[in-house]
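The values are calculated or read from the model by the stated rules, or taken from the named source; none is laboratory data. All values reported here derive from a predicted model rather than from experimental measurement. Here Cβ is always computed from backbone atoms with ideal geometry, including for glycine, and neighbour counts include all displayed protein chains.
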């Protein structure tokens, strides 16, 4: 009789446990469906100019790799360092093809990493496989917006593999602190950036090396024009053209890399 009472008492607990499992599974399914439905709507696609920059010509060869795009000088005369680029959140990797082409035209080998769901948070370590393709190269890593933050997190854990880190409308959080890394850092911002959290960006300076960080401000540049995907929600209107911002950003990166390579 006593055993029967214990058995009766455990039944409600089993039912509750089963209900919790069913509820959690249902929630996961709903969230997954929500992401799959919302993702194509929220994603930023490359403009025509970016798609044109994906084509090889006599100056730059473009290759599709496994989860990456490679831009390199067609004559194979590669100037160090090579570049690994992490895209901004929900931005198609091809949107950064014009910038990658500019750097390749200047002689650098450039990888744009493709991220799962176009979110660097899911592909932080993709740089490691790219570095393995040309282990004889020196490398800088960086990115735009969320891509820059996770490039910094990768760099913080793999300092010995890198020569520098760059940020475009981005910053290093505590998880990607580089202040004691000894790496060269380039911070590029646009004065009309309406997406960047400027107060957090200012605070994040403490996570960068005090003596080896260079700051470049693009007058009139905004957040979206670090890529080539059109307007971005929450951003301010730029007062310079996309081409001018591209030219100034690429010039800043090239000059910075030249200084690293000396």
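Against the condition in contact (Cβ under 8 Å) with a residue 40 or more places away in the chain, assigned to a helix (DSSP H, G or I) and either surrounded by 15 or more Cβ atoms within 10 Å (Cβ to Cβ) or not assigned by TED's automatic domain parsing to the domain that holds residue 253 (or both), how does residue 89 come out, does it pass? Spelling it out, it is not the case that residue 89 is in contact (Cβ under 8 Å) with a residue 40 or more places away in the chain, assigned to a helix (DSSP H, G or I) and either surrounded by 15 or more Cβ atoms within 10 Å (Cβ to Cβ) or not assigned by TED's automatic domain parsing to the domain that holds residue 253 (or both). Within segment 197-227, the set of residues being in contact with a strand residue (DSSP E or B) (Cβ under 9 Å, 6 or more places away or on another chain) and in a loop (DSSP other than H, G, I, E, B) comprises 208, 209, 212, 219, 220, 221, 222, 223, 227.
Quick one: how many residues across segment 237-262 are more than 15 Å from residue 82 (Cα to Cα) and part of a helix (DSSP H, G or I)? Break it down stepwise before answering.
At the first step, the residues of segment 237-262 found to be more than 15 Å from residue 82 (Cα to Cα) are 237-249, 251-252.
Narrowing the set further to residues that are part of a helix (DSSP H, G or I) leaves 242-249, 251-252.
Result for segment 237-262: 10.
When we screen 234, 194, 230 for residues that are assigned by TED's automatic domain parsing to the domain that holds residue 100, in contact with a helix residue (DSSP H, G or I) (Cβ under 8 Å, 6 or more places away or on another chain) and in a loop (DSSP other than H, G, I, E, B), the only hit is 230. Among the candidates 172, 156, single out the residue that is part of a helix (DSSP H, G or I), in contact (Cβ under 8 Å) with a residue 24 or more places away in the chain and assigned by TED's automatic domain parsing to the domain that holds residue 87. Result of the check over 172, 156: 156. Within segment 146-189, the set of residues being in contact with a helix residue (DSSP H, G or I) (Cβ under 8 Å, 6 or more places away or on another chain), surrounded by fewer than 18 Cβ atoms within 10 Å (Cβ to Cβ) and under 14 Å from residue 125 (Cβ atoms) comprises 158, 161, 175.
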